[in-house]
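Input: a single structure, listed below in structure tokens.
The values are calculated or read from the model by the stated rules, or taken from the named source; none is laboratory data. Treat the numbers as computed from the prediction; the structure is a model and nothing was measured. Cβ placement follows ideal geometry from the backbone for every residue including glycine, while neighbour counts extend to all protein chains displayed. Only protein heavy atoms, including side chains, enter the accessible area calculation; ligands, DNA and RNA are left aside. Shrake-Rupley method; radii C 1.70, N 1.55, O 1.52, S 1.80 Å.
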Amino acid sequence: MKFAIVSRGDERSNAVEAKMKQYLIDFDLTHDVEDPELVISIGGDGTFLEAYRRYAHKLDTAAFLGVHTGHLGFYTDWTVDELEKLVIEIAKTPFHVVEYPLLEVTIRFNDDQKTVHALALNETTIKTVEGSVVFDVQIRGEHFETFRGDGLCISTPSGSTAYNKALGGGIIHPSLEAIQMTEIASINNRVFRTIGSPLILPKHHTCLLKPLQKNSFIIALDHTTKSYSNVSSIQCRVAKERIRFVRYRPFPFWSRVRDSFVAEVKPQD
Ligand code: NAP
């Protein structure tokens, strides 16, 4: 099997990367950064997002796995202490794959700029440098509301525990093929009115945002951010593509949610 490793770049993660790479090569696996079948991220969820970004064009052939060198993550379940065990699993056991939905984002322009197509693992957020964004929000081709506020966040189920959660969005189990739209500080008064609640859209219910005033935006896709001008529309829907996670043991989503947000951290002795 061909593998690639993406490290967070700190000393600890780099040391784990070097050790793991050598172990896997000793087990006759091939290190191939161009065309890996297994992408291993070493760091945190942020590192996993970067590993996904680097290999998002290989979703058909590559599956992903995360080792955390800090705290338990939503995409990273193996600890450094389990490295030897993990290497043996990779080398000897056929892996089980679990698929999660992705968000397809399409940005179109008023001028001759090329349409941007992207697949986000966590979310996209649309904001502006100054003032508010004003959008005609269409759902399934019909006007839903005129949104005015700091911005909008459209997330995947696995991204629902990230920025979406901080915005008061609900946590969605990744077995549900859906996207969630949450407001970032909407303006609600006698003139402007928005729904105010997060919206959860099923597969094939496309959400289209059409700028009504400014058409320059700061658009974030997971951990990357870029400015775009002359935007004519931003379309979001559940992607046809899915990310594949390698599983050698169960990694229940609700246990991760509990352990990350609810479980008490025992004080150190
Ligand atoms: P960062 O600002 O350095 O870290 C963001 C935090 O979000 C990290 O603690 C990261 O975990 C965690 N995280 C990432 N994906 C997650 C997920 N699916 N569920 C739960 N937590 C998650 O940025 P970054 O590391 O480059 O990550 C980019 C992400 O930050 C964005 O996709 C966005 O979701 C999130 N973000 C959150 C807020 C907020 O909560 N107010 C604001 C902006 C952006 P690790 O420590 O394990 O890396």
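Annotations for the structure displayed:
- The coefficient of translational diffusion for the chain, derived via Stokes-Einstein from the alpha carbon Kirkwood radius under 25 °C and 0.890 mPa s, stands at 124 µm²/s.
- DSSP beta bridges confined to segment 1-124 are antiparallel in about 25 percent of cases.
- For the chain, a Gaussian network of Cα nodes joined below 10 Å ranks PRO36, PRO174, PRO250 by mean-square fluctuation, and the top entry is PRO250.
- Taking the C-alpha atoms only, the angle from helix 11-26 to the longest principal axis of the chain is near 60 degrees.
- Hypothetical label at GLN213: residues of segment 128-167 whose amide nitrogen lies under 20 Å (7 Å Cα-Cβ projection): 128-138, 144-153
- Loop GluC sites (Glu not before Pro), segment 3-103, which have at most 12 other Cβ atoms in a 10 Å radius of their Cβ (DSSP): GLU34
- Protein accessible area in the chain, 1.4 Å probe - carbon and sulfur %: 50
- Rounded FRET efficiency, nearest 0.05, which uses the C-beta distance separating ARG190 from ASN230 and R0 of 30 Å: 0.40
- Shape analysis of segment 102-240 based on the Cα gyration tensor places the equivalent ellipsoid semi-axes at 21, 18, 14 Å, largest first.
- Taking the longest Cα principal axis of the chain as reference, the axis of helix 45-54 is set at about 80 degrees.
- Net charge of neighbours whose Cβ lies under 12 Å from the Cβ of SER197, counting Lys and Arg as +1 and Asp and Glu as -1: -2
- Relative contact order for segment 102-240, counting Cα pairs under 8 Å that sit 6 or more residues apart, in percent: 32
- Å² of accessible area per residue within the chain, as computed with a 1.4 Å probe and no ligands counted: 49
- For LYS92, the aspartates and glutamates whose Cα comes closer than 20 Å to its Cα, not counting residues fewer than 8 places off in the same chain, are GLU17, ASP26, ASP28, ASP32, GLU37, ASP77, ASP81, GLU82, GLU84.
- Pairwise centroid distance, computed over Cα atoms, of segment 38-81 with segment 149-220, Å: 25
- Taking the chain as a Gaussian network of alpha-carbon nodes connected by springs under 10 Å, the highest mean-square fluctuation of the residues PRO252, PRO211, PRO202 belongs to PRO252.
- Cross-link reach list, aspartates and glutamates versus LYS165, counting only Cα pairs under 17 Å and skipping chain neighbours closer than eight places: ASP45, GLU123, ASP150, GLU183, ASP222, ASP259
- Estimated purely from DSSP H runs of n ≥ 4, each contributing -39500 (n - 2.57), the mean residue ellipticity at 222 nm for the chain is -4500 deg cm²/dmol once divided by its residues.
- Here's the list of lysines a cross-link from LYS58 could span, going by alpha-carbon distance under 19 Å and ignoring same-chain residues fewer than 8 apart: LYS2, LYS240.
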